[in-house]
Amino acid sequence: MSRGWGVLIGLLFFFLFQGIYAKAALLDRVLAAVDGEIITLTDVRIAIQFRLVDLKDPAADSESPETLKAALSRLIDRKLLLAEARKFSITPEGLSEEEISGEIRKARDLLPPDTYTATRKRFGISEDDLIRRVREKGAEEKFLNFRIGFFVILSPDAIRKYYQEHAADYGERPLEAVRGEIETLLTRRESVRLLEEYLSRLRGQATIQVNLP
């Protein structure tokens, strides 16, 4: 066989496999785009499978429309928050191994070793790709602690007022005995309120397209 024929056959195989890979990529449905960054169905399934998003009911059917919609919404929020985080030099790449080691271990320990490897192969992601996604989750949380947690300030009066309004819930326990419990509750509520306001503003400023089934 001449060298020219060898080159021609090689090119044919190259374009054949390129077409196969392109077709496979198209099979992964794009569910959303956030300022040009896409989120695919596989992204959502990976986030659910490895608990990279917080869901109200982690035990719910991972393929149900409600679960997929909730996970997609969280990933959209993550895109928005990571874009904001970069303005403050908080990036997934900038996190130390120590900062994300717990999340990486949690993702690995979620499934038995064999199932963990098989699940990664099923979704076509490498260990490095999973760690990248864990880093994004870690950067989001670090930014939220900086951007939201810093502004949550509770006065002693607010804690006392809540205790008085819910005295029946605490029975004979004095305020000092439940102060920490009340402070945790009110801090969580205020954090949620501030986060919802913040995300509403970010969503209003962004270009978001959603393509749910």
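The values are calculated or read from the model by the stated rules, or taken from the named source; none is laboratory data. Note that this is a predicted model, so its numbers are computed, not measured. Cβ atoms come from the backbone with ideal geometry, glycine included; neighbour counts cover every protein chain shown.
Looking at the stretch 142-149, can you tell me whether even one residue there is among the β-branched types (V, I, T) and touching a Phe, Trp or Tyr at 6+ places or on another chain (Cβ under 8 Å)?
Of the stretch 142-149, the ones among the β-branched types (V, I, T) are 148.
Right, trim to touching a Phe, Trp or Tyr at 6+ places or on another chain (Cβ under 8 Å) and you get 148.
For the stretch 142-149, residues among the β-branched types (V, I, T) and touching a Phe, Trp or Tyr at 6+ places or on another chain (Cβ under 8 Å): present.
Going by the structure shown, is E66 touching a helix residue (DSSP H, G or I) at 6+ places or on another chain (Cβ under 8 Å) and charged (D, E, K, R)? Here the answer is no, as E66 does not meet what is asked. Restricting the stretch 65-95 to residues that are within 18 Å of L144 (Cβ to Cβ) and of a type in the set (S, T, N, Q), the residue that is surrounded by the fewest Cβ atoms within 10 Å (Cβ to Cβ) is S89.
Within the stretch 151-170, restricting attention to residues that are surrounded by fewer than 11 Cβ atoms within 10 Å (Cβ to Cβ) and within 26 Å of E196 (Cα to Cα), which residue is modelled with the lowest pLDDT? The residue in question is I153.
Mind checking which residues of the stretch 173-196 are among the basic types (K, R) and surrounded by 12 or more Cβ atoms within 10 Å (Cβ to Cβ)?
Taking the stretch 173-196 first, the residues among the basic types (K, R) are 173, 179, 188-189, 193.
Result: R173, R179, R189, R193.
Condition check for L185 on (1) in contact with a helix residue (DSSP H, G or I) (Cβ under 9 Å, 6 or more places away or on another chain); (2) within 24 Å of G102 (Cβ to Cβ): one failure, at (2). Restricting to the stretch 154-203, and then to whatever is of a type in the set (G, A, S) and more than 20 Å from the chain's Cα centre (by Cα), can you tell me which residue is farthest from I39 (Cα to Cα)? Among those that are of a type in the set (G, A, S) and more than 20 Å from the chain's Cα centre (by Cα), it is G171. On inspection, S200 fails the criterion of being in contact with a Gly (Cβ under 7 Å, 6 or more places away or on another chain), part of a helix (DSSP H, G or I) and polar (S, T, N, Q). Being free of Cβ contacts under 8 Å to residues at least 24 places away in the same chain and surrounded by 14 or more Cβ atoms within 10 Å (Cβ to Cβ): is that true of S101 here? It is false that S101 is free of Cβ contacts under 8 Å to residues at least 24 places away in the same chain and surrounded by 14 or more Cβ atoms within 10 Å (Cβ to Cβ). The helices (runs of 4 or more DSSP H) found entirely in the stretch 47-166 that carry 3 or more residues being among the β-branched types (V, I, T) are 113-123.
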